[in-house]
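The values are calculated or read from the model by the stated rules, or taken from the named source; none is laboratory data. Quantities reported herein were computed from a predicted structural model and do not represent experimental measurements. For neighbour counting, all protein chains shown are included, and Cβ atoms are generated from backbone atoms with ideal geometry for every residue, glycine included.
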Amino acid sequence: MNPIVNVIIFAILAAASVVLSVLAVTCKSLLRAATYLLLVLICTAGFYLLLNYHFLAAVQISVYAGGVVILFIFAIFLTTNKDEVLTKHTTRKYIRGAVASIGGMALVGYALWKNMLYAPQDNQTMVGDREMPMQSIGDALMGTEKYQYLLPFEALSLLLLAAIIGGIVIARKDKQ
């Protein structure tokens with residue numbers, strides 16, 4: 001694809017991600033906040049597609065957008081009343097959030113600036129011209145050696161199982 005088209009698509013995805021992220025944390029309705037989170041995760045899958053990581057984009061949509069957000073929505077439905085809205089925050093909380101956001105952006109900007117100085121210019125994998133083979137992704141996810149992720153993968157499955165059991169316990173609790 002043309003590099004200018006890549007930049008335009010990236011800018012659109014970045015702007016959509018920022019706007020939807022802000023809407024997700026400032027929205028008064030929990031269900032709308034979860035919907036905005038879903039859209040942010042879909043934008044993240046778009047970033048993966050720009051990098052030609054088709055497998056990771058599919059995993060992003062199926063696991064995070066399809067699974068985790070649905071778990072959030074079930075938790076919202078099980079624990080809140082139908083007409084409940086979030087309370088309005090004080091100005092002090094907005095100021096603290098803005099300071100934390102500016103600090104986070106400064107830290108990310110500094111890390112990007114530092115790493116761009118030392119990044120090799122001829123590395124094609126940084127540009128996204130080559131897709132990583134699925135065999136090496138599978139080996140990294142299901143391996144038990146150094147820099148392989150079987151233990152965190154299994155810990156995540158136990159965490160999701162605990163969340164499901166907690167949801168069932170909350171749903172079956174007798175209301176008095």
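Can you go through 150, 112, 141 and tell me which one is more than 30 Å from residue 3 (Cβ to Cβ), under 21 Å from the mean Cα position of the chain (by Cα), surrounded by 10 or more Cβ atoms within 10 Å (Cβ to Cβ) and modelled with pLDDT of 80 or more? Exactly one residue qualifies, and that residue is 150.
Within region 142-157, the residues that satisfy the criterion of being of a type in the set (Gly, Ala, Ser) and in a helix (DSSP H, G or I) are 155, 157.
Take residue 61 and decide whether it is under 30 Å from residue 168 (Cβ atoms) and touching a helix residue (DSSP H, G or I) at 6+ places or on another chain (Cβ under 9 Å). Let's see the steps before the verdict.
Numbers: under 30 Å from residue 168 (Cβ atoms): yes; touching a helix residue (DSSP H, G or I) at 6+ places or on another chain (Cβ under 9 Å): yes.
Here the answer is yes, as residue 61 does meet what is asked.
Considering only region 93-100, I want to know if a residue exists there that is over 25 Å from residue 34 (Cβ atoms) and modelled with pLDDT of 80 or more. Checked region 93-100: at least one residue is over 25 Å from residue 34 (Cβ atoms) and modelled with pLDDT of 80 or more.
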